[in-house]
1. Just to verify a result, which residue in segment 473-486, among those that are surrounded by fewer than 17 Cβ atoms within 10 Å (Cβ to Cβ) and either of a type in the set (Gly, Ala, Ser) or out of contact with any Pro (no Cβ under 8 Å at 6 or more places or on another chain) (or both), is nearest to Gly411 (Cα to Cα)?
2. Anything in segment 194-225 that is of a type in the set (A, V, I, L, M), closer than 15 Å to Ala254 by Cβ and surrounded by 20 or more Cβ atoms within 10 Å (Cβ to Cβ)? List them, or say none.
3. Give me a count of the residues in segment 390-436 that are under 17 Å from the mean Cα position of the chain (by Cα) and more than 12 Å from Leu371 (Cα to Cα).
4. Taking only segment 546-579 into account, find how many residues are outside any strand (DSSP E or B) and exposed (fewer than 15 other Cβ atoms within 10 Å of the Cβ).
5. Residues Gly535, Gly502, Gly481: which one is under 22 Å from Arg394 (Cα atoms) and in contact (Cβ under 8 Å) with a residue 12 or more places away in the chain?
6. Being among the charged types (D, E, K, R), crowded, with 18+ Cβ neighbours inside 10 Å and within 30 Å of Leu495 (Cβ to Cβ) is true for just one of Arg49, Arg75, Arg30. Which residue is that?
7. With the requirement that a residue be assigned to a loop (DSSP other than H, G, I, E, B) and either β-branched (Val, Ile, Thr) or in contact with a Cys (Cβ under 8 Å, 6 or more places away or on another chain) (or both), what does segment 247-265 give you?
8. Wholly within segment 290-372, which helices (runs of 4 or more DSSP H) include no fewer than the required count, namely at least 3 residues that are of a type in the set (D, E, K, R) and within 20 Å of Val398 (Cβ to Cβ)?
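The values are calculated or read from the model by the stated rules, or taken from the named source; none is laboratory data. Computed from a predicted structure; not experimentally measured. With ideal geometry, Cβ positions are generated from the backbone for all residues, glycine too; neighbour counts draw on all protein chains shown.
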Amino acid sequence: MSNPQIAIRDVPPRAVWALEQAGVHPLLARLFAARGIRSADELDDGLARLLPPDALLGAREAAVLLADTLQAGQRLVVVADYDCDGATACAVALRGLAMLGARPGTLQQIVPDRAVHGYGLTPTIVDLALDRPEADRPQLLITVDNGIASQAGVAHARSRGLRVLVTDHHLPACDASGGVVLPEADVIVNPNQPGCGFASKAIAGVGVMFYVLLATRAELRHRGAFDAASQPRLDALLDLVALGTVADVVRLDANNRRLVAQGLKRIRAGRMQAGVAALFAAAGRDPSRASAADFGFALGPRLNAAGRLADMSLGIACLLCDEPRRAAELAQALDAINRERREVESGMKDQAERLLERLMPRGEAPPALVLFDEDFHEGVVGIVAGRLKERLHRPTFVFARGGDGLLKGSGRSIPGFHLRDALDLVAKREPELLRKFGGHAMAAGCTLSADGIERFAAALQQVAAEWLDAAALQRRLATDGPLDAAAFEPALVRLLDAEVWGQAFEAPLFTDEVDVVQQRLVGEKHLKLSVRHAGTLRDAIWFGHTDALPNRVRLAYRLNIDEYQGRQRVQMVVEAAIAVGIA
């Protein structure tokens, strides 16, 4: 594959000036301005700046339904998803409803098994919820991070006498003519349903549930259950909201950044669930220096591993645990599963590389990649798809055979290729090929019959060929330009790390021309470098890269702090390198 194109973001000088005049550090002012921030007011992450719950269609009706159920002492069952967003949303729901007055013994949960039950609220899951003594059967079923496409499951639940509240953030299903089809639930809360004017369409499932709790608290306050002074402090749940939001890789718009910032502040101050603290310890991370990257690369993967290889009930139990010693045991179990997940992933990546050699005999990738192997693990296909997408810059689907014999695929996409819409078009062009599908622009999943992989590959590649031109298929790294020598100080790196970065509000990435003075492999798979930058020798490392670099290169790099024997040094973490000719 060709080298990525290294571009520099536009920086509006007037916005930089306005931010600096408001007291923002000059480097941060430049970074924020390049990401669309125009005034310091937009950086206010206070709770008062959150979008109001009433703006979320269905939140008020959900609040009435939940308040009625709580005050009647009726039983509720939460049906979660098996990823980090679903796990945190389930924990937020159960903790929040308990804080709002749910009577002991009235809160239940069901977590689908990825391999057994598939995704979403299915009739089988409904039957599991009701398969208990009559005195323990729930009266209300709440979905978190799923349900918007579960027409059959919702219909089955209501036919069995259950009221259903759907809380979700995924896109609804469409019929053959492209019209939106919603499940016939009692209440639906989803910013992506028709008619919802909520400004943060990118809110995660855990955020939706948090907003439902805010609306329910307001309804109970209106009914006199408590006043403003004595009402439950739902902000105590924001560590979970922040974790699920970042781990689900949703767009970090202003509202999502505020939710994450508030969660990080509480964690850094030592105010977090015992399970969150235990996950930080298991990952070897310091919660007093918590960053959004910790959620995405340390805590999130440990929770997700349970849903991929085992049962997400273990992850939810960790998040619900209030006893530190037991939470530590659960976090260590999750850490062990995550190590197993890495081994499975490594083997799948090796096999995927062999498949790619046959698929790309001349080294040229088709406009979309579709891979399947009988030995692939269903729980890890999404991770492998993401790794291949990053390396080859192509929309990528990876499939594994499920326990029912069907092929279960997970896809990851690139800018300019809306994956869920692409699946919708494939379904229209190839009727009955997709048993089911759903997702977002950048990530989606689908199920095929056992003999459908070649038809699917051809259909997806045809859509990609129509939608993606050569420019879209060229990987482009947006950077923040060169960095002054004075910026290479641990204090400044910590200042950058303290901010909320993530999807669509990317962490700083700089670019400079440097001379490569020394290079060697460490751990057999990482390139350790000594480079001359602005006249000073600096340490650099390129993780997962083993090819030697020429003497002079343009680097795209991030900054981090390398601590060794009590010493702190700033090093470059290389993302890309392009040879530079010497005149």
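1. The residue in question is Ala478.
2. Ala202, Ile203, Ala204
3. 8
4. 7
5. On inspection, the qualifying residue turns out to be Gly502.
6. Being among the charged types (D, E, K, R), crowded, with 18+ Cβ neighbours inside 10 Å and within 30 Å of Leu495 (Cβ to Cβ) holds for just one of Arg49, Arg75, Arg30, which is Arg30.
7. Answer for segment 247-265, where residues must be assigned to a loop (DSSP other than H, G, I, E, B) and either β-branched (Val, Ile, Thr) or in contact with a Cys (Cβ under 8 Å, 6 or more places away or on another chain) (or both): Asp248, Val249, Val250.
8. 324-359
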